[in-house]
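Student: Got a structure for you, written out below as structure tokens; questions coming shortly.
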Amino acid sequence: MTAPLPVVVPEPGLPTAVTIYEVGPRDGLQNEKALVPVEVKEEFVRRLLAAGLPVVEATSFVHPRWVPQLADAAELMTRLGEPGRDLPVLVPNERGLDRALELGLRHVAVFGSATETFAQKNLNRSFDEQFAMFEPTVARARAAGIDVRAYVSMCFGDPWEGAVPVEQVVAAGRRLLDLGASQLSLGDTIGVGTAGHVSALVRAFVDAGVGVDRLALHFHDTYGQALSNVQAGLRAGVTTYDASAGGLGGCPYARSATGNVATEDLVWLLTGLGVEHGVDLDAVVATSTWMAGHLGRPSPSAVVRALGGTA
Ligand code: HMG
Ligand code: MG
């Protein structure tokens, strides 16, 4: 029996194709209680690439005391070899960049906060100090011919500060682009955003001169709004969406952050809308089911549960 697929009914006006930016091995595994062996991580990344995911963010070169789950970053990237050099990794500072450069990696991402409190909790820096930390990091990466993505966290709300004004997010994003980042990923770190807020934020960036082609959307699904928020992003013309296989994830430094939108749930939506994504749904479901076995708990993804069982 072949797996069911949604009936394809395109919605006029949406992008014809999008990029799914897989963050499961990084955003997913950074928050797991269990330490996942490096050989399991390697197989996870390889299976995601084989499933057609065009970008797989593999790990982080952060301080291992801050995120012990990813302390094996160098070993993972070494094991992945040449194909691994094209996979993005997080680097918060020059020390992280040095570690990535030593391994010949070609894509890094810095990660800033739209709020003061989260900059301190996540980076041990004030809001302004985080840009001072990123400035030489981005400049040196660019000079070495390395592409730099920049995340902005807490774009839709912050557990310590509450509502985050759209203008504050745009100002933080602008500073990261001005440093030389090629793309901004707007993070709903704690999943509180809703569709109208997504439209308003994208519009505010466009009004500030940042085209939708430079934006990506990064939704955590804490309040079940992620797919609806993707739909709002599609209607606004955004063509890059971060997602995590099986809905793994969260952020160790943000209370109430749960997993990213599940890659499988996103693929189901896009397939139904007739938006090209190039990902083999069955292969991702099989991968998430396999990973759920390693983690000892079922995937929270509705599509994985419907198609793949719970391992
Ligand atoms: P710090 O303690 O202020 O670091 O931490 P420091 O600059 O004072 O350095 C202290 C020591 O750490 C030094 O060593 C450095 O060499 C070392 P010593 O001289 O004492 O021996 N060090 C490092 N070692 C390895 N790798 C490094 C590194 N940097 C310094 N990169 C720091 C500052 C930024 C390092 C720390 O706060 C950190 O690692 N934070 C990372 C937190 C994190 O990874 N959070 C999760 C990712 S963000 C996220 O999930 C959100 C996102 O998904 C989007 C969304 O959902 O919104 C992206
Ligand atoms: Mg995240």
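Student: If each residue of separation counts as 0.36 nm, what is the full-extension length gain between Trp160 and Glu11 once their alpha-carbon separation is subtracted?
Tutor: Separation in residues times 0.36 nm, less the Cα-Cα distance, equals 49.8 nm.
Student: Under 10 Å, Cα contacts only: if you run a Gaussian network model on the chain, which one of Asn124, Asn93, Asn260 comes out with the highest mean-square fluctuation?
Tutor: Asn124
Student: So, one more: I'd like the carbon and sulfur percentage of the solvent accessible area for the chain, probe radius 1.4 Å, heavy atoms only, ligands and nucleic acids excluded.
Tutor: Answer for the chain: carbon and sulfur cover 53 percent of the accessible area.
Student: So, one more: Projected area of the chain, taken from the Cα convex hull and averaged over every viewing direction, in nm²?
Tutor: Value for the chain: 14.4 nm².
Student: Rounded to the nearest 5, what is the percent of antiparallel bridges among the DSSP beta bridges in the chain?
Tutor: 5 percent
Student: Return the long-range amide H neighbours of Ser60 (sequence gap of 5 or more, or a different chain), with a cut-off of under 5 Å between placed amide H atoms.
Tutor: Sorted by chain and number, the residues that satisfy this are Leu90.
Student: While we're here: If you plug each phi of segment 207-219 into the Karplus form 6.51 cos²θ - 1.76 cosθ + 1.60 with θ = phi - 60°, what whole-Hz ³J(HN,Hα) values come out, in order, with x for Gly and Pro?
Tutor: 4, 8, x, 9, x, 4, 5, 9, 10, 10, 10, 10, 9
Student: Next question. From the phi of every residue in segment 228-235, what ³J(HN,Hα) in whole Hz does the Karplus formula 6.51 cos²θ - 1.76 cosθ + 1.60 yield, where θ is phi - 60° and glycine or proline is x?
Tutor: Karplus values, whole Hz, x for Gly and Pro: 5, 5, 4, 4, 5, x, 4, 5.
Student: How large is the accessible surface per residue of the chain, computed with a 1.4 Å probe and reported in Å² as a whole number?
Tutor: Using a 1.4 Å probe on heavy atoms only, each residue of the chain averages 39 Å².
The values are calculated or read from the model by the stated rules, or taken from the named source; none is laboratory data. Bear in mind that the values here come from a model prediction, so they are computed numbers and not experimental data. Surface areas here come from the heavy atoms of the whole protein model, side chains and all, with no ligands, DNA or RNA. Shrake-Rupley method; radii C 1.70, N 1.55, O 1.52, S 1.80 Å.
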